[in-house]
Amino acid sequence: MTEAAALPGRPREAVVSGPATARAVNVLAPNPSAMTLDGTNTWILSEPGSELAAVVDPGPLHEGHLRDVLATAERLGKRVVLTLLTHGHADHAEGAGRFAELTGAPVRALDPALRLGDEGLGPGRTVRVGGLELVVVPTPGHTSDSLSFHLPADRAVLTGDTVLGRGTTMVAHPDGRLGDYLDSLRRLRSLTVDDGVRTVLPGHGPVLEDAQGAIEFYLAHRATRLAQVETAVEDGHRTASEVVAHVYAGVDRALWPAAELSVRAQLEYLDEHGLI
């Protein structure tokens, strides 16, 4: 068996509910699947010594999970005063409305349709909660509304589905676009180089201790897949489904529908750049 430390990004050995950094506590949602891995990571963020907390991605509309998030915050002596969304997919955001009812806290997101309250989340904005500071980082590509949150005090970044703790993510075409996604990965890489980010707190999968290594792996993986898709087209595989069957032949077929979305995004990217 390959040790976790040898894998891209140096993932921790297991996905667990509990403290991940000095300011971040995970509550794992009970929604495991081929797409969500062990389930959705719901993050409770708070400055040490503060009674106030923010929650990132309350997760699916699962009453037990939402109440567990609230109970975990209360056991920590925290009061949830703000909910943030990395993006609008149901496994991250469907429970946001109900969680707002339980907490009375506003919900902020890039997509106005997901907000509960007056304020949105603009790129570069700093969100402050009881001394905690989070910087909003636009990371479109997986979806058009995808955001990451830079937690400078912990040298960490919360990436939603843009970077996962295990495996790679999909580009959810047509809303997601490959060019945007590659730009987002480069933006995250700059955080590791210029701002000292070391840790990825992902939306699914284990915490990654080597943020730069994980992001470099993602960029290399995308370059390899793009070359494979280009070659597949040159070999006569014209439709997205044909390309998936050829390029992703060794991948679990349960993941082929997601792979087809990524392939559609890759075909669009190649076409826009005159490569096919």
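The values are calculated or read from the model by the stated rules, or taken from the named source; none is laboratory data. None of the values given here were measured: they were computed from a predicted structure. In this analysis, Cβ positions are derived from the backbone assuming ideal geometry, glycine residues included, and neighbour counts consider all displayed protein chains.
Per the listing Val233, Val229, Val197, the residue uniquely outside any helix (DSSP H, G or I), of a type in the set (A, V, I, L, M, F, W, C), over 14 Å from Thr169 (Cα atoms) and touching a residue at least 40 places away in the same chain (Cβ under 8 Å) is Val197. Consider segment 81-129 and keep the residues that are exposed (fewer than 15 other Cβ atoms within 10 Å of the Cβ) and touching a Pro at 6+ places or on another chain (Cβ under 6 Å). The one that is farthest from Gly64 (Cα to Cα) is Pro123. In segment 10-32, is there at least one residue being modelled with pLDDT of 95 or more, within 23 Å of Ile215 (Cβ to Cβ), assigned to a helix (DSSP H, G or I) and not hydroxyl-bearing (Ser, Thr, Tyr)? No, segment 10-32 has no match at all.
Scanning segment 229-254 for residues that are out of contact with any strand residue (DSSP E or B) (no Cβ under 9 Å at 6 or more places or on another chain), surrounded by fewer than 16 Cβ atoms within 10 Å (Cβ to Cβ) and of a type outside the set (Ser, Thr, Tyr) returns Glu234, Asp235, Gly236, Arg238, Glu242, Ala249, Gly250, Val251, Asp252, Arg253. Cβ-Cβ contacts under 6 Å between residues 6 or more apart (or on different chains), taken from a first residue in segment 259-276 that is surrounded by 16 or more Cβ atoms within 10 Å (Cβ to Cβ) to a second residue that is of a type in the set (Asp, Glu), are listed as Leu270/Glu230.
Scanning segment 95-136 for residues that are assigned to a strand (DSSP E or B), touching a helix residue (DSSP H, G or I) at 6+ places or on another chain (Cβ under 7 Å) and not β-branched (Val, Ile, Thr) turns up Leu116, Glu133.
Pairing residues of segment 90-111 that are more than 27 Å from Ser33 (Cα to Cα) with residues that are of a type in the set (Val, Ile, Thr), at Cβ distances under 6 Å and at least 6 apart in sequence or on separate chains, gives Thr103/Val80; Ala105/Val80; Ala105/Val81; Ala105/Thr83.
If you go through segment 27-66 and keep only what is closer than 22 Å to Arg108 by Cα and either free of Cβ contacts under 8 Å to residues at least 40 places away in the same chain or loosely packed, with under 15 Cβ neighbours inside 10 Å (or both), you end up with Leu28, Thr42, Ile44, Glu51, Gly59, Pro60, Leu61, His62, Glu63, His65, Leu66. List every residue pair whose Cβ atoms sit under 7 Å apart, with the two residues 6 or more apart in sequence or on different chains, where the first one lies in segment 174-192 and is without any contact (Cβ under 8 Å) to a residue 40 or more places away in the chain and the second, anywhere, is of a type outside the set (Phe, Trp, Tyr) and not in a helix (DSSP H, G or I). From segment 174-192, the pairs are Asp175/Thr143; Asp175/Ser144. Filtering Gly77, Gly49, Gly88 for residues that are of a type in the set (Gly, Ala, Ser), in a loop (DSSP other than H, G, I, E, B) and touching a helix residue (DSSP H, G or I) at 6+ places or on another chain (Cβ under 6 Å) leaves a single hit, Gly88.
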